[in-house]
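Asker: Take this structure first; my questions come after.
The values are calculated or read from the model by the stated rules, or taken from the named source; none is laboratory data. Values in this document were obtained by computation on a predicted structure and should not be read as measured data. When we count neighbours, we look across all protein chains shown, and the Cβ atoms used for this are built from the backbone with ideal geometry, even at glycine. When the accessible area is computed, the model is the full protein with side chains, heavy atoms only, and any ligands, DNA or RNA have been set aside. Shrake-Rupley method; radii C 1.70, N 1.55, O 1.52, S 1.80 Å.
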Amino acid sequence: MPKTSDGMYWSLAPDLSNVENLMKELKIGEYDFLRHWSLKQVWAEYKTFILLIPFVILNLIWFSWRSSKLVEKRTNQLRKSFKEREQIREKAEKIKGELEQFQKASIVGQMSNIFAHEVKQPLHALYCYAHALQRSIDNGKSDEELLKEGLNKIQDQAQHIGKIVEGVRVYAKGKESEKENVDLNLLLQKICTSLKRKHKLLLRLPEGNFFITANPLEIQLIFTNILKNAVEASEKNDNPEVSVEVNHVSEGPSHHYVVTVSDNGPKLTEAEFNEIGLPLVTSKKNGLGLGINIVKTLLLKYGGNLKFIQKEPAGIKSVITLPITQNNEEKQ
């Protein structure tokens with residue numbers, strides 16, 4: 001064909017690759033065989049993928065087996081760990097139960113000491129009233145009014161002994177004890193009088209009554225333990241001295257009593273000081289190491305706390321904090 005008006009003309013194509021690609025894409029001409037698959041074609045076309053498939057399957061099988069073994073191993077480890085933890089927990093519960101029983105026995109023992117001390121006075125009063133009535137009858141001077149008065153006093157003392165006995169029985173049975181208003185000043189004076197030996201006991205008590213709602217035997221047990229420890233610690237000094245101070249402290253809306261018991265016992269090492277109050281740890285020959293632990297347990301029951309401070313150059317200061325209830329605060 002002749003040239004066009006703008007100079008264009010026909011010629012042979014030097015590169016037929018695009019035509020060949022188009023025929024291959026359309027699967028015609030020499031590429032017509034692509035329309036009909038054969039194993040040879042499949043192998044030639046996809047042999048790389050075919051060879052990869054068993055490798056992948058084998059890897060998946062190996063991975064699955066390895067994972068199951070690791071899971072089984074980890075499961076056995078966890079079971080063993082849980083079993084050991086359960087054994088440790090059961091052992092700890094057993095030890096805790098034994099310690100609680102041991103502590104309860106110690107509380108009952110200390111309560112028995114308080115009982116023996118407390119019951120001595122009403123028993124003596126019973127004896128005196130009975131003896132006086134007997135002498136009146138023997139002398140022929142008794143009358144109905146005198147007998148009634150004596151019997152009433154005997155009855156009162158017997159009821160007082162019964163209350164003391166019941167208090168110890170309550171602890172032995174693990175029942176909740178009854179609470180009443182206890183005057184800290186009178187209680188501390190009473191305990192200090194019973195403990196006073198060769199010691200110099202200094203009581204710094206404010207005027208008036210400092211009431212707290214608690215079980216009398218429990219509060220007595222708390223301060224008897226602390227004061228007895230202070231007295232025994234100061235006995236190692238040539239001039240033993242123990243001081244007791246009571247303060248009413250207000251911090252915002254909260255009000256509480258702070259009872260400070262100080263002794264002039266020997267200087268303790270840091271290790272000895274840190275061991276104070278640890279269960280079953282004691283420096284006393286016949287001690288059980290439960291006294292301070294009992295005190296802390298009882299104080300916790302009433303929302304109080306106990307802390308120890310080393311004095312300089314020697315001695316220990318025991319600081320007991322007890323919250324004041326609203327009713328007792330109004331009584332002040």
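Asker: Has region 14-25 got any residue that is part of a helix (DSSP H, G or I), under 30 Å from Val295 (Cα atoms) and either out of contact with any Gly (no Cβ under 8 Å at 6 or more places or on another chain) or open to solvent by 100 Å² or more (accessible area, probe 1.4 Å) (or both)? Give the derivation first.
Answerer: Just the residues of region 14-25 that are part of a helix (DSSP H, G or I), to begin with: 17-25.
Remaining after also requiring under 30 Å from Val295 (Cα atoms): none.
No, every residue in region 14-25 fails to be part of a helix (DSSP H, G or I), under 30 Å from Val295 (Cα atoms) and either out of contact with any Gly (no Cβ under 8 Å at 6 or more places or on another chain) or open to solvent by 100 Å² or more (accessible area, probe 1.4 Å) (or both).
Asker: Among Asp6, Asp32, which is modelled with pLDDT under 85, acidic (Asp, Glu) and over 52 Å from the mean Cα position of the chain (by Cα)? Give the steps one after another, and end with the answer.
Answerer: On the way: Asp6 fails: modelled with pLDDT under 85.
Residue meeting the stated conditions: Asp32.
Asker: Please enumerate the residues belonging to region 206-265 that are in a strand (DSSP E or B), of a type in the set (Val, Ile, Thr) and under 19 Å from Glu180 (Cα atoms).
Answerer: Answer for region 206-265, where residues must be in a strand (DSSP E or B), of a type in the set (Val, Ile, Thr) and under 19 Å from Glu180 (Cα atoms): Ile212, Thr213.
Asker: Ok, one more. Could you pull out the residue among Glu180, Glu207, Glu241 that is modelled with pLDDT of 80 or more and over 28 Å from Pro266 (Cα atoms)?
Answerer: Working: Glu207 fails: modelled with pLDDT of 80 or more; Glu241 fails: over 28 Å from Pro266 (Cα atoms).
The unique qualifying residue is Glu180.
Asker: Quick one: how many residues across region 94-122 are at pLDDT 75 or above and surrounded by 15 or more Cβ atoms within 10 Å (Cβ to Cβ)? Write out each step before concluding.
Answerer: Step one: list which residues in region 94-122 are at pLDDT 75 or above, which gives 94-96.
Within this subset, residues satisfying the condition of being surrounded by 15 or more Cβ atoms within 10 Å (Cβ to Cβ) are none.
Residues flagged as at pLDDT 75 or above and surrounded by 15 or more Cβ atoms within 10 Å (Cβ to Cβ) within region 94-122 amount to 0.
Asker: Among the candidates Ser5, Ser11, Ser81, which residue alone is more than 30 Å from Lys296 (Cα to Cα) and surrounded by 10 or more Cβ atoms within 10 Å (Cβ to Cβ)?
Answerer: On the way: Ser5 fails: surrounded by 10 or more Cβ atoms within 10 Å (Cβ to Cβ); Ser11 fails: surrounded by 10 or more Cβ atoms within 10 Å (Cβ to Cβ).
Of Ser5, Ser11, Ser81, the one residue that is more than 30 Å from Lys296 (Cα to Cα) and surrounded by 10 or more Cβ atoms within 10 Å (Cβ to Cβ) is Ser81.
Asker: Give me the pairs, please: first residue somewhere in region 136-151 and open to solvent by 100 Å² or more (accessible area, probe 1.4 Å), second residue anywhere and at pLDDT 75 or above and part of a helix (DSSP H, G or I), beta-carbon distance under 8 Å, and either six or more positions apart or on two chains.
Answerer: Leu151/Leu133
Asker: Please specify each residue of region 229-274 satisfying the condition of being surrounded by 13 or more Cβ atoms within 10 Å (Cβ to Cβ), touching a residue at least 60 places away in the same chain (Cβ under 8 Å) and over 17 Å from Gln310 (Cβ atoms).
Answerer: Passing the criteria: Val246, His248, His255, His256, Tyr257, Val258, Val259.
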